[in-house]
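Notes follow once the structure below has been shown.
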């Protein structure tokens, strides 16, 4: 077996199962989970219809590059959404089987253990970044996301000597778990560093279509490229998905777009990787990318939940509606693992300890002391979950007081 497999850490939800092992949730309360970020809103109806109507294609092999109609729909959407003059469907877009698959496999194509690759990533992070780096034989360099820097990496603190070692940089915008956004100026700074030091920016933008202010959508990496006149998108890739935008996580549909030179080689890699999107999934995806109204309605539904949940939590916590995504990054009054355990055992509520989303570097895990709440459950369930969190918080406060 590849010895790098032994370097992989247990996934956060495997750790959560271990934490809860031998425990039963309070049987007097209906169990609610805010643990995994799996959308439960209704999937885009027209896409589901297109999926069913295209099942006759199941007897055909799909191409790795995908149907031109899908890539054109993605181009049309991305150019409108990110104000791009051009995003060529011929060589600047590839379909991927969800961002998870793409974000993992791109590291195998870009990095090499023979060249002493270094992959930079935020900490806390989506654990695929770590696994991708380790399985590519690269060294993972984690950049802490602290409260003092609005839970974003302090990219300005990275020295040029460090940038010169970077092979690939993962960014998550909006951030998981905090929901913070990277400013246009920060993205421009990173683009210039990538060009100067010849590393690839891999932008995980899967939460970009869930945001607080309908009039101010989050800026994307390619949009930042366009704003500074970097229209070739050299060194820059974005990854998007229909899982969150269109509530289609089971479709496993997304795309990567940007630098045509990188994508040409990535396409060659993917030909061997065997990751072609099924044709009926492509037809459904084409329909979903072509419609924006369902995404607008989806955002409104999340905003309503945030408003309701925060109105409960703000009685004991200083919190604001995050700029993007559907998570609340909640500071805990006690150890985050203990807080999550007691919520599960005593209040029949599952949340994810922040410790599981981060790594300890120099004795500090930036995720410690937080839990992540995924507001993916039904509206009333999210409100009920917030009341249970307050009940536990009050019991801790009373006991400690």
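Values for this structure:
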quantity: The stretch 79-98, residues that are within 18 Å of residue 279 (Cα to Cα) and part of a helix (DSSP H, G or I); calculated: 98
quantity: Unique match (being within 30 Å of residue 10 (Cα to Cα), more than 18 Å from the chain's Cα centre (by Cα) and touching a residue at least 40 places away in the same chain (Cβ under 8 Å)) among 109, 73, 121; calculated: 109
quantity: Condition met for residue 39 (surrounded by 11 or more Cβ atoms within 10 Å (Cβ to Cβ) and farther than 19 Å from residue 356 by Cα); calculated: yes
quantity: Residue check for residue 208: surrounded by fewer than 20 Cβ atoms within 10 Å (Cβ to Cβ) and in a loop (DSSP other than H, G, I, E, B); calculated: no
quantity: Residue within the stretch 135-149 that is surrounded by 20 or more Cβ atoms within 10 Å (Cβ to Cβ), in contact with a helix residue (DSSP H, G or I) (Cβ under 6 Å, 6 or more places away or on another chain), closer than 23 Å to residue 255 by Cα and assigned by TED's automatic domain parsing to the domain that holds residue 235 present; calculated: yes
quantity: Residues of the stretch 241-265 satisfying the condition of being in a helix (DSSP H, G or I) and surrounded by fewer than 24 Cβ atoms within 10 Å (Cβ to Cβ); calculated: 243, 249, 250, 260, 261, 262, 263, 264, 265
quantity: Single unsatisfied condition, residue 322 versus (1) part of a helix (DSSP H, G or I); (2) touching a strand residue (DSSP E or B) at 6+ places or on another chain (Cβ under 8 Å); calculated: (1)
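The values are calculated or read from the model by the stated rules, or taken from the named source; none is laboratory data. Note that the coordinates shown come from a computational prediction; the quantities given were computed from them, not determined experimentally. Neighbour counts are summed over all protein chains in view; Cβ atoms, including those assigned to glycine, are modelled from backbone coordinates with ideal geometry.
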